[in-house]
1. If we keep just the residues of segment 45-82 that are part of a loop (DSSP other than H, G, I, E, B) and buried (at least 19 other Cβ atoms within 10 Å of the Cβ), which is farthest from the chain's Cα centre (by Cα)?
2. Could you check how many residues of segment 88-108 are more than 16 Å from the ligand (Cβ to nearest atom), within 15 Å of ALA257 (Cβ to Cβ) and assigned to a loop (DSSP other than H, G, I, E, B)?
3. Could you check GLY57 against (1) on the phi < 0 side of the Ramachandran plot; (2) at pLDDT 95 or above and say which number it fails?
4. Tell me, yes or no, whether segment 120-133 has at least one residue that is hydrophobic (A, V, I, L, M, F, W, C) and in contact (Cβ under 8 Å) with a residue 60 or more places away in the chain.
5. Against the condition within 30 Å of TYR202 (Cα to Cα), of a type in the set (Asp, Glu) and within 16 Å of the ligand (Cβ to nearest atom), how does GLU27 come out, does it pass?
6. Taking ALA208 and the conditions (1) in contact (Cβ under 8 Å) with a residue 60 or more places away in the chain; (2) more than 30 Å from ASP359 (Cβ to Cβ); (3) not acidic (Asp, Glu), which numbered condition does it fall short on, given that it satisfies the others?
7. So, LEU309, is that one touching a Gly at 6+ places or on another chain (Cβ under 8 Å) and part of a helix (DSSP H, G or I) or not?
8. Tally up the residues in segment 1-44 that are outside any helix (DSSP H, G or I), among the polar types (S, T, N, Q) and surrounded by 15 or more Cβ atoms within 10 Å (Cβ to Cβ), please.
Amino acid sequence: YTTLAEADPEVATLVEKETWRQFSGLELIASENLTSLAVMEANGSMFTNKYSEGLPGARYYGGNEWVDELENLCRDRALKAFNLDPKVWGVNVQPYSGSTANFAAFTALINPQDRIMGLGLPDGGHLTHGYYTAKKKITASSVYFQSFPYRVDTQTGIIDYPQLETNANLFKPRLLICGGSAYPRDWDYGRLRKIADAQGAYLLSDMAHISGLVAAGEQSSPFEFCDVVTTTTHKTLRGPRAGLIFFRKDKESDMEARINAAVFPACQGGPHNNTIAGIAVALKQAADPAFKTYAKQVRANADAMAQVLFKYGYKLQTDGTENHLILWDLRPIGLTGSKVEKICDAVHITLNKNAVAGDTSALVPGGVRVGASALTSRSMGEKDVQQVAEFLHRVVQISLTAQKEAGSKKLADFVTAYTKGDGESAKLVAELKA
Ligand code: PLP
């Protein structure tokens, strides 16, 4: 064995550059986080070498005694992290990502061309919940299923539940999906359950963005009301990049067998055992009381940033946040999300442009999404993120002036100086290098 630096200096340099980018800038992308060194170690472990198609105790390859133990451990921890009774709930920990978890869950629950309803992409939903445009079916979820998205109220930015109910009565979906990628409010699962029941539809929650907050009791739990719950493991849950599918063990419909067969062999091949090792570590960490403190702080930080932006008179969709993210509507000040994202990039602040309620263009949307998860993982508290929100205000001021280059250069220096002062990041980078 040689080290990466000896074997491939080119890739080693890129890893080092990316490490510095992550720690010398401010990460505000709401779907990202900084996972722990322990998770990364498990993720880069010898488990990457092993094939193990099948499930614990029933594999298509030999040599899986430790993989079986690992996958069982990961499943146990997944159920524990969300307080689930193993007699009632099961979990498949093999999905490679949130998208494949969703497609496998849809494959298990419904037939091709069945009808689905999820929150529309421009309203904060995710691509995999049936997104299509007038010109094109964009994702497999709209190619293989008939999709009719529901919307948020354009005035309040909150899901228009009455309209959703009316449309569900007309469209009669087989599957109702809740969960989103840019929705700053909690979900009314009880109400959605009633709407689904009226149609005899399954209710699936994709809690990818909020699963860490759900595990910590900082958001309503979808498990009380939903048949199936999917999640990514790398957002607020702070694990490696992957997905999970939780399902009610309904014997009559043989849900366990349907979900497991939909993951493998229907949608995937061999599990990524190194990733499952990383998920297991992340779930152990999520069960630690320190994670509850983290999740509470994530919410407090998102709110602290919102309060600073309100102070300057900016408009936030839904007038604030109940979770880890803010949706900032820039249209009242005549800016686009693309412009603000670009200036943020120039000053080492990473966030993404995002559609806001009533937007007509997905390419040049009127807002940006601001998340608090990664900064909170760097031990930042309210005071720190208030400073970050001040930087964001400066970005807007720069965007509105003619001297964008000079203004950006000055602010970039300031952001760099600010992040250098963060002892925690310096410590982490030193640890990573060691
Ligand atoms: N579901 C939701 C709600 C998401 O926000 C995302 C990604 O951002 C996904 C699914 C897809 O996850 P992945 O990128 O791991 O496929």
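1. Within segment 45-82, the subset part of a loop (DSSP other than H, G, I, E, B) is 45, 50-53, 56-57, 60-64, 82.
Then keep just the ones that are buried (at least 19 other Cβ atoms within 10 Å of the Cβ); that gives 52, 64, 82.
Details: SER52: 27, ASN64: 31, PHE82: 17 Å.
The residue in question is ASN64.
2. 0
3. The single condition GLY57 does not satisfy is (1).
4. Pass one, segment 120-133, residues hydrophobic (A, V, I, L, M, F, W, C): 121, 127.
Right, trim to in contact (Cβ under 8 Å) with a residue 60 or more places away in the chain and you get 121.
There is at least one residue in segment 120-133 that is hydrophobic (A, V, I, L, M, F, W, C) and in contact (Cβ under 8 Å) with a residue 60 or more places away in the chain.
5. Working: within 30 Å of TYR202 (Cα to Cα): no; of a type in the set (Asp, Glu): yes; within 16 Å of the ligand (Cβ to nearest atom): yes.
Spelling it out, it is not the case that GLU27 is within 30 Å of TYR202 (Cα to Cα), of a type in the set (Asp, Glu) and within 16 Å of the ligand (Cβ to nearest atom).
6. Checking ALA208 against (1) in contact (Cβ under 8 Å) with a residue 60 or more places away in the chain; (2) more than 30 Å from ASP359 (Cβ to Cβ); (3) not acidic (Asp, Glu), the one that fails is (2).
7. Working: touching a Gly at 6+ places or on another chain (Cβ under 8 Å): no; part of a helix (DSSP H, G or I): yes.
Against the criterion (touching a Gly at 6+ places or on another chain (Cβ under 8 Å) and part of a helix (DSSP H, G or I)), LEU309 does not qualify.
8. Residues of segment 1-44 outside any helix (DSSP H, G or I): 1-3, 8, 25-36, 44.
Retained after the next criterion (residues that are among the polar types (S, T, N, Q)): 2-3, 31, 33, 35-36.
Next, only the ones that are surrounded by 15 or more Cβ atoms within 10 Å (Cβ to Cβ) stay: 31, 33, 35-36.
Selection size over segment 1-44: 4.
The values are calculated or read from the model by the stated rules, or taken from the named source; none is laboratory data. Note that this is a predicted model, so its numbers are computed, not measured. Here Cβ is always computed from backbone atoms with ideal geometry, including for glycine, and neighbour counts include all displayed protein chains.
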